[in-house]
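The values are calculated or read from the model by the stated rules, or taken from the named source; none is laboratory data. These figures come from a predicted structure and were not determined experimentally. For neighbour counting, all protein chains shown are included, and Cβ atoms are generated from backbone atoms with ideal geometry for every residue, glycine included. Note: accessible area is taken over every heavy atom of the protein model, side chains too, but ligands, DNA and RNA are not part of it. Shrake-Rupley method; radii C 1.70, N 1.55, O 1.52, S 1.80 Å.
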Amino acid sequence: MVNQLYFKARTKFSNLGFGKIAAGLVILILVIFSLYRVVTVTATYLHDDLQMDFSAFYTAGDALNHGLDPYKNNVGIIPTVWDGFDRYTFSRFLYPPLAATLFRPFALLGYPDAKLAWTIISLAGLAFSMFLFVKTFNKPGDKINWWPVALVFVGFFFPLTPFVERGQVDAITLLLVSAALFVLLKKPQWAIAAGILLAFATLLKLNCVYLIPFLLLRKQLKATLGYLAGGVLIVALTLLFNGVDNTFQYVFTEFPRISANGENGTPAQQLPRSDFVKVQGGTGHYVTKNDTIYAVATIEFQDNASLSKAVNQVFTNLGLNLNMSLVSAGVLVVFFLVVLAWEFWHKAGPWFGTRSMLPPRPEFLFWQMVLVIILMASPLTWMMNTIWVIPLFFLPVYYFTHPGQLNSRISMPLLIFGLLLIALPDLQNGPFTVRRIDQEALWVKLLTDYSYCKYFVGELFIFGGLLFEYLPRTVVRSQKAEARGQELEVGGS
């Protein structure tokens with residue numbers, strides 16, 4: 001039996017040919033190297049860094065475990081219930097109170113163990129999101145042998161590095177949205193469950209509420225009802241676990257402050273230095289949390305990936321001081337109208353045809369485009385949030401091996417350029433070192449502008465690629481055929 005198995009394996013291996021074997025080995029080496037880089041970077045940050053964003057989540061849960069207000073800086077009350085970075089009277093926790101409750105189990109662990117658990121969960125969430133992407137994108141019977149090529153890009157996708165270094169929550173929101181899309185497109189009878197998943201994604205990323213107009217655009221009424229039901233469930237759980245007072249405090253006090261300024265405040269809102277006397281290392285670049293010394297931050301990067309924030313800056317430079325939420329809503333409306341006009345022009349989509357949805361694959365690409373719109377329209381999109389686009393690396397790999405499936409010739413060049421633009425390091429982390437005397441040099445100014453614009457410009461290119469690609473070729477062809485038919489009628493008459 002062993003000889004038979006060996007013979008079959010040898011025959012199959014020899015039939016591959018030298019070129020495929022060599023390509024497979026190269027891809028395997030690159031995948032291993034990419035994953036090795038992820039592991040080594042993760043191990044370094046787990047050991048050396050505070051992971052300050054996770055510290056804010058952990059400290060909010062710790063505050064609740066001690067009966068304290070998670071939105072208050074409690075360093076003067078219980079010094080250990082401090083995130084290691086916050087200087088203001090309020091905390092850096094920006095999420096609804098139920099989210100703080102979700103982190104209470106982590107706060108029962110020592111901080112090093114909690115960091116390890118959270119990082120493993122986050123990376124596993126990213127990996128499972130990629131798996132769901134492939135499962136949702138694939139047609140029945142698809143045999144795609146080159147998916148591992150996309151994994152090569154993961155380890156070299158620069159925003160993944162600060163994502164791990166900060167300990168952000170975006171992999172969990174991506175997992176919730178990916179699971180919702182899988183249910184919505186593969187199990188449409190469970191559309192209400194998909195809406196509930198999207199509601200819980202909104203709990204961790206408030207701007208997922210921007211999904212609602214697109215759910216209505218696709219006539220996804222069950223999913224919309226599920227979203228509303230999920231919102232009611234979240235409110236009920238918040239009242240149950242956090243109480244009426246804390247819930248109203250967040251709605252009427254904390255949320256307006258967070259919407260206006262995020263985690264920042266005025267000098268008058270800073271705590272006096274004396275409040276940090278009992279916090280070892282609390283005034284330098286290193287802090288002690290749970291008797292372990294961590295660096296507060298070891299990487300610098302251009303943090304903005306929001307087109308809305310850039311648009312607001314343009315208005316500010318013109319002397320117009322607009323509310324950031326208003327600008328964000330305006331950007332969302334613009335993209336919504338672009339999509340609406342695109343479908344109207346192609347006579348596609350539920351409002352312009354007989355189908356409630358496009359075929360599964362184009363419908364899936366539509367929703368990937370919506371996720372990119374959310375990144376651009378959100379007022380607080382950090383560059384770490386762009387890990388949402390990591391699964392899109394699968395698309396160029398697929399269409400490179402299946403060019404006949406493409407709906408547009410320019411969609412993949414746009415998508416690839418956008419992905420690479422986001423994946424490359426910014427000025428602070430590129431191969432350049434800027435001396436003090438070079439600060440005013442033209443090349444430094446150009447690279448600075450590149451660093452500031454690269455993330456939302458990359459998102460614009462990705463949006464363009466998905467916009468051109470998501471409509472099925474049959475829709476475009478039928479429209480052209482109809483136009484030709486009308487021309488012939490006019491010519492014949």
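Along its three principal axes, how long is the range 344-427 when you only count alpha carbons? Whole Å, largest extent first please.
48, 35, 20
Using alpha carbons only, how many angstrom separate the centre of the range 342-414 from the centre of the range 205-271?
What the calculation gives is 27 Å, centre to centre.
Under a Cβ-only charge scheme (Lys and Arg +1, Asp and Glu -1), can you give me the dipole magnitude of the range 140-292 about the Cα centre, in debye to the nearest 20?
Value, rounded to 20: 520 debye.
P(r) for the range 38-123, please, calculated from all Cα pair distances in 5 Å bins and given in %.
3, 16, 28, 24, 16, 9, 4, 1
When the Debye formula is applied to the Cα atoms of the range 67-197, each taken as the same point scatterer, what base-10 log of I(q)/I(0) results at q = 0.12 Å⁻¹?
Relative scattering, expressed as log10 I(q)/I(0), comes to -0.65.
Ignoring solvent entirely, what values of log10 I(q)/I(0) come out of the Debye formula for the range 178-280 at 0.09, 0.12, 0.14, 0.20 Å⁻¹ when each Cα is a single scatterer?
At q = 0.09, 0.12, 0.14, 0.20 Å⁻¹ the computed log10 ratios are -0.36, -0.57, -0.69, -1.02.
Roll a 1.4 Å probe over the protein heavy atoms and report the accessible area of residue 66 in Å², nearest 10.
Accessible area of residue 66: about 90 Å².
Mind running the shape call on the range 95-150? Use the C-alpha gyration tensor, a ≥ b ≥ c as the square roots of the eigenvalues: rounded below 1.5 for a/c, prolate if a/b tops b/c, oblate otherwise.
Here the range 95-150 falls in the prolate category.
Which log10 I(q)/I(0) values does the range 134-193 give at q = 0.17, 0.18, 0.27 Å⁻¹ under the Debye formula, counting every alpha carbon as one identical point scatterer?
-0.81, -0.87, -1.08
Kirkwood Rh and Cα-based Rg: tell me the resulting Rg over Rh for the range 124-234, rounded to two decimals.
That ratio equals 1.02.
For residue 382, what accessible surface area do you get with a 1.4 Å probe? Give it in Å², rounded to 10.
70 Å²
Any chance you could look up the accessible area of residue 291 with a 1.4 Å probe, heavy atoms only, rounded to 10 Å²?
The value for residue 291 is about 150 Å².
From largest to smallest, what semi-axes in whole angstrom does the range 301-355 give when each is the square root of 5 times an eigenvalue of its alpha carbon gyration tensor?
32, 13, 9
Relative to the present Cα-Cα distance, how much length would full extension add between residue 326 and residue 228 at 0.36 nm per residue of separation?
33.0 nm
Would you mind checking the pairs 135/205; 20/135; 309/454; 135/222; 186/222; 139/187 and listing those with alpha carbons more than 18 angstrom apart?
Going by Cα-Cα distance, 135/205; 20/135; 135/222 fall outside the 18 Å limit.
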